[in-house]
Amino acid sequence: MTDNDWQTHRAAVYGVAYRILGTVAEAEDVTQEVWLRVATADISAVRDLRAWLVTLSARTSYNVLKSARVRRESYVGAWLPEPLLTGPDSSVPVLMDESVSTAMLVIMETLAPAERVALVLHDVFDFPFSRVADVLGSTPAASRKLASRARARIARAEPPPLASRAVTEGMLRAFKAAAEAGDMARLIELLHPEAVYLADGGGKVTAARRPVRGAEPIALLMIRQTRIRRPDAFRIIEVNGQPALATYRAGELVWLDTIDIVDGRIMTMRRLVNPDKLAHIGHI
């Protein structure tokens, strides 16, 4: 396989791995493993190189995910996906759609590994269930049932439609300004009455281990965290296809906020503070 062949299909190899695993580090490891396995392989008999590479990536990712479930089930606090830099912030091409949104990846984390693989391969990469079955070591009928079950779970979770980039960025900036000013009334105004706050510290740093619900408790927590950590720099970056608020102190990235907006207010706020998941974004 030539370097041009690889560069043409690398985004698909990485894309299926990231959607299945939800972490940048593991997706990069899978992509590297695929490259090492095929760099010297004889592909003369391969008729559809993209499908072959995606299949190999999916099979490798499935094995990683199965072994990772034990670690994730014992994860301290809420689990949030490792943010994927996209748009102008991305150093490599990535395949973008709503399946890599932070909200969708959080829901997908509740799926069984086989359900997640079936959904990604069929619904995102348009694989027939016969090929999905090859990856899962199953039958086409069983693979179809897995994908159907995954869709039903996602539908029950009711992921909100993505707000426009302009609306999301404006809301993040307004929220940051209110938290920085200690403006409780403004924060409550920006938050939906049924808002939910999730924090991922991974047991590495202090973070709420359970969801915080309601506009007033969340607003109080945001003001308290801002006063304690005393951030001194902010910037909007793009992760998983949507704006996110990166917060820094002394040049070090201390947390990353992503939000879902419903009826013009913040319904879900996710704060990633696990330093392991922030490391690849870098400091300023």
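The values are calculated or read from the model by the stated rules, or taken from the named source; none is laboratory data. Predicted model only: the values in this text are computed from it and were never measured. A quick note on method: Cβ atoms are made from the backbone with ideal geometry, for glycine too, and the neighbour counts reach across all protein chains shown. For accessibility, only protein heavy atoms count, side chains too; no ligands or nucleic acids. Shrake-Rupley method; radii C 1.70, N 1.55, O 1.52, S 1.80 Å.
Find all pairs meeting these conditions: Cβ atoms under 6 angstrom apart; at least six residues apart or on different chains; first residue within region 59-80 and at pLDDT 85 or above; second residue open to solvent by 70 Å² or more (accessible area, probe 1.4 Å).
Going by the 6 Å Cβ cut-off, the qualifying pairs are Thr60/Glu33; Gly77/Arg209.
Let me confirm something: among Asp97, Asp123, Asp134, which residue is closer than 20 Å to Thr8 by Cα, touching a residue at least 12 places away in the same chain (Cβ under 8 Å) and of a type in the set (D, E, K, R)?
None of the others qualify; the one that does is Asp97.
Out of everything in region 191-225 that is under 21 Å from Val254 (Cβ atoms), of a type in the set (A, V, I, L, M, F, W, C) and more than 23 Å from the chain's Cα centre (by Cα), what residue ends up being surrounded by the most Cβ atoms within 10 Å (Cβ to Cβ)?
My answer is Ala219.
In the list Ala27, Ala68, Ala11, which residue meets the criterion of being in contact with a Pro (Cβ under 8 Å, 6 or more places away or on another chain), within 30 Å of Trp255 (Cβ to Cβ) and either aliphatic (A, V, I, L, M) or part of a helix (DSSP H, G or I) (or both)?
From the options Ala27, Ala68, Ala11, the qualifying one is Ala11.
Does at least one position in region 87-95 carry a residue that is open to solvent by less than 40 Å² (accessible area, probe 1.4 Å), assigned to a helix (DSSP H, G or I) and in contact with a Phe, Trp or Tyr (Cβ under 9 Å, 6 or more places away or on another chain)?
no
Can you pull out every residue in region 137-152 that is among the aliphatic types (A, V, I, L, M) and either farther than 20 Å from Ile107 by Cβ or out of contact with any Lys or Arg (no Cβ under 8 Å at 6 or more places or on another chain) (or both)?
Across region 137-152, the qualifying residues are Ala141, Ala142, Leu146, Ala147, Ala152.
Pairs, please: C-beta under 7 Å, at least 6 apart or cross-chain, first residue hydrophobic (A, V, I, L, M, F, W, C) and in region 182-193, second open to solvent by 60 Å² or more (accessible area, probe 1.4 Å) and part of a helix (DSSP H, G or I)?
Taking only residues 6 or more apart or on different chains, the pairs are Ile188/Glu216.
Just to verify a result, which residue in region 248-274, among those that are without any contact (Cβ under 8 Å) to a residue 60 or more places away in the chain and surrounded by 15 or more Cβ atoms within 10 Å (Cβ to Cβ), is farthest from Val106 (Cα to Cα)?
That would be Tyr248.
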